[in-house]
1. Give me, ordered by chain and number, the residues 5 or more places off residue 86 or on other chains with an amide H under 5 Å from its own placed amide H.
2. Enter the mean projected area of the convex hull around the alpha-carbon atoms of the range 38-181, in nm², rounded to one decimal.
3. Kindly write out, for the range 73-84 in residue order, the coupling ³J(HN,Hα) from the Karplus curve 6.51 cos²θ - 1.76 cosθ + 1.60 (θ = phi - 60°), rounded to whole Hz, with x marking Gly and Pro.
4. Applying the Karplus parametrisation 6.51 cos²θ - 1.76 cosθ + 1.60 with θ = phi - 60° to the phi angles of the range 93-106, what ³J(HN,Hα) value in whole Hz is obtained for each residue in order, glycine and proline being reported as x?
5. For a quick check: with amide H placed at 1.01 Å from N, whose amide H comes under 5 Å from residue 157's, ignoring anything fewer than 5 positions away on the same chain?
6. Output ³J(HN,Hα) for the range 153-158: one whole-Hz value per residue in order, computed from phi by the Karplus curve 6.51 cos²θ - 1.76 cosθ + 1.60 with θ = phi - 60°, and x for Gly and Pro.
Amino acid sequence: MAPRPTVLAVLVLIFSIVTICAAQADVQHGWGKPPTLGALSKLDTSSKTYAWVTRDKSYEYYRMKLSTFSISAKLFDIPTGVEVGVFASVCTFTAAPVTSPTIPAVCQATFEFGPDGNDSLAIVGSADVDILALTIKGLVWVDTDFAIVGGTGCFTGAFGRHASKGIDLFKYETVVTAYVPRVREF
């Protein structure tokens with residue numbers, strides 16, 4: 001059996017190596033630097049595809065400001081006004097206490113971009129709708145928590161955030177921030 005100081009030195013060495021490797025793995029697989037606030041992806045109007053805002057060794061970052069018109073299910077790029085795709089969504093409204101001014105909903109949506117709809121983002125989340133404010137403005141979302149949970153085409157493996165607010169009757173302004181892995185293992 002080895003003397004105790006030798007065993008202790010070997011254990012300290014192993015712990016040091018594991019700690020250094022874990023720190024390096026964290027640095028190599030971190031999120032990197034997301035796009036600066038307000039920076040938007042540029043739209044190629046001929047192909048109706050977006051360019052990334054910024055990228056690092058791990059991710060490409062997209063941020064799109066979109067307008068949705070729920071009756072036609074069309075997506076429009078706000079800076080250019082160009083139609084960029086279509087969307088489909090469904091919300092399931094759940095029971096709320098009689099005294100509550102809001103109704104909770106669980107929602108799922110798909111945004112399809114490009115001429116063939118091959119570049120898509122899958123969005124899920126929950127929202128509360130103010131039932132006392134159902135007016136000409138349509139549904140009034142008081143608390144929304146939507147996440148991008150996947151994608152196809154150039155958005156394969158995407159994750160991120162979706163923020164939306166009502167603008168007019170059946171019209172919503174949406175900001176989508178997507179993080180897309182540069183190395184795809186599928």
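Where a number appears in this text, it was derived from the coordinates with a stated rule and is not lab data. The structure presented is a predicted model; accordingly, all values stated were derived computationally and were not measured.
1. 75, 112
2. Numbers: hull surface 35.1 nm².
For the range 38-181, the mean projected area of the Cα convex hull comes to 8.8 nm².
3. 6, 9, 10, 10, 6, 5, x, 9, x, 7, 6, 10
4. Per residue, the Karplus-derived 3J(HN,Hα) values read 8, 10, 5, 10, x, 4, 7, 7, x, 10, 10, x, 9, 10 Hz.
5. Counting only residues 5 or more places away or on other chains, the set is 151.
6. The phi angles translate into x, 5, 9, 4, x, 5 Hz.
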